[in-house]
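J.: I'd like to ask you about the structure that follows.
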Amino acid sequence: MKTVCIKTAQLLALHYYALAAASSPNDQCFDFTPMASVSTYLGAELDYSVADRICCHNHKWAEYRGYLAAPEVDFFGRLDPSVETVFYDSVCGIPLFIAPRGRSFDDFKQESLKHGWPSFRPEELVSENVIIHNDGRMESVCKTHLGHNLPEAGVDRYCIDLVCMAGEPLSEDDERNEILLYLQGTTAINATELNTTSYTSSAERFSGKTSNTQAIIISVVVVALVIGLATFAYFHIRDNRSDAQK
């Protein structure tokens, strides 16, 4: 009887810890899903299943290139070019970007269309709410996958999935407010706290955090090896010629 009680207690303990782990703050999106309004963002027709997969069950892949310009999306056709727009996390509704800032709407549009995803610059980032990992992967403090940092011309450029920045501030009765409660006491800024007029991003113009870093290092090593081999060959040939002349 004692053995049965012990085993039962162990099973209950395992069940408790399994439930606790299922809602761990380390889980992507805090184990929530994107808000339903993502599918009708700005009057567009976004694929909710893509948002759920890319934002909350992924750290590598992205929506297809050019999705922002698809007829049913027409991202830039739905923005007001005369004002800055605040873009919110698709899961927890915190502000992520304010754009265009420090450039024209047309510059913002052309750069994004050129690369195939909404592209933001450091001054447009709500830096308290976004994490840039050393490999360039970007996520919000709500653990929502956002995209990657792909610097251009020596300045960070954030290549972001539209479906993950297509949120809105949470309503008071939204269960996702649990995420905001968890973030209390951190430097995170929620939608009601952001003053776009006075806000200034603290993001670095070039963070050095990019998925291109490894490729750059490899390229530098290869170039150094080539130069080293060429230098060795030059002096080797020169010495051989000197010996022959003697």
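The values are calculated or read from the model by the stated rules, or taken from the named source; none is laboratory data. Only a predicted model underlies this, so the values are computations on that prediction, with no experimental measurement involved. Cβ sites come from the backbone with ideal geometry, for glycine too, and all protein chains shown count toward neighbours. These area figures cover heavy atoms from the full protein model, side chains too; ligands, DNA and RNA do not enter into them. Shrake-Rupley method; radii C 1.70, N 1.55, O 1.52, S 1.80 Å.
J.: Output the residues belonging to segment 142-175 that are more than 20 Å from Ala44 (Cα to Cα), assigned to a loop (DSSP other than H, G, I, E, B) and open to solvent by less than 30 Å² (accessible area, probe 1.4 Å).
T.: Within segment 142-175, Cys142, Thr144, Asp156, Arg157 qualify.
J.: If you don't mind, another one. Taking the condition open to solvent by 30 Å² or more (accessible area, probe 1.4 Å) and of a type in the set (A, V, I, L, M), does Ala69 pass? Please lay out each step first, then the result.
T.: Values: open to solvent by 30 Å² or more (accessible area, probe 1.4 Å): yes; of a type in the set (A, V, I, L, M): yes.
Criteria met by Ala69.
J.: Restricting to segment 109-138, and then to whatever is surrounded by 18 or more Cβ atoms within 10 Å (Cβ to Cβ) and either free of Cβ contacts under 8 Å to residues at least 12 places away in the same chain or basic (Lys, Arg) (or both), can you tell me which residue is nearest to Thr197 (Cα to Cα)?
T.: Filtering segment 109-138 for residues that are surrounded by 18 or more Cβ atoms within 10 Å (Cβ to Cβ) and either free of Cβ contacts under 8 Å to residues at least 12 places away in the same chain or basic (Lys, Arg) (or both), the one nearest to Thr197 (Cα to Cα) comes out as Arg121.
Per-residue answers, yes or no, for (1) within 24 Å of Glu152 (Cα to Cα); (2) at pLDDT 70 or above; (3) part of a helix (DSSP H, G or I):
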site: Gly185; (1), (2), (3): no, yes, no
site: Ile216; (1), (2), (3): yes, no, yes
site: Val226; (1), (2), (3): no, no, yes
site: Leu229; (1), (2), (3): no, yes, yes
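J.: Let me ask something else. Considering only residues that are within 20 Å of Glu193 (Cα to Cα), in a loop (DSSP other than H, G, I, E, B) and within 19 Å of the chain's Cα centre (by Cα), which ones fall in segment 51-99?
T.: In the first step, residues of segment 51-99 are kept if they are within 20 Å of Glu193 (Cα to Cα); the result is 83-99.
Now drop any that are not in a loop (DSSP other than H, G, I, E, B), which leaves 83-84, 89-94.
Once the filter is applied, which keeps residues that are within 20 Å of Glu193 (Cα to Cα), in a loop (DSSP other than H, G, I, E, B) and within 19 Å of the chain's Cα centre (by Cα), segment 51-99 yields Asp89, Ser90, Val91, Cys92, Gly93, Ile94.
J.: In addition: Consider Ala62 carefully, then state whether it is closer than 25 Å to Thr210 by Cβ, open to solvent by 10 Å² or more (accessible area, probe 1.4 Å) and among the aliphatic types (A, V, I, L, M). If you could, list the steps in order and put the result at the bottom.
T.: Working: closer than 25 Å to Thr210 by Cβ: yes; open to solvent by 10 Å² or more (accessible area, probe 1.4 Å): yes; among the aliphatic types (A, V, I, L, M): yes.
Considered against the rule, which asks whether it is closer than 25 Å to Thr210 by Cβ, open to solvent by 10 Å² or more (accessible area, probe 1.4 Å) and among the aliphatic types (A, V, I, L, M), Ala62 comes out as yes.
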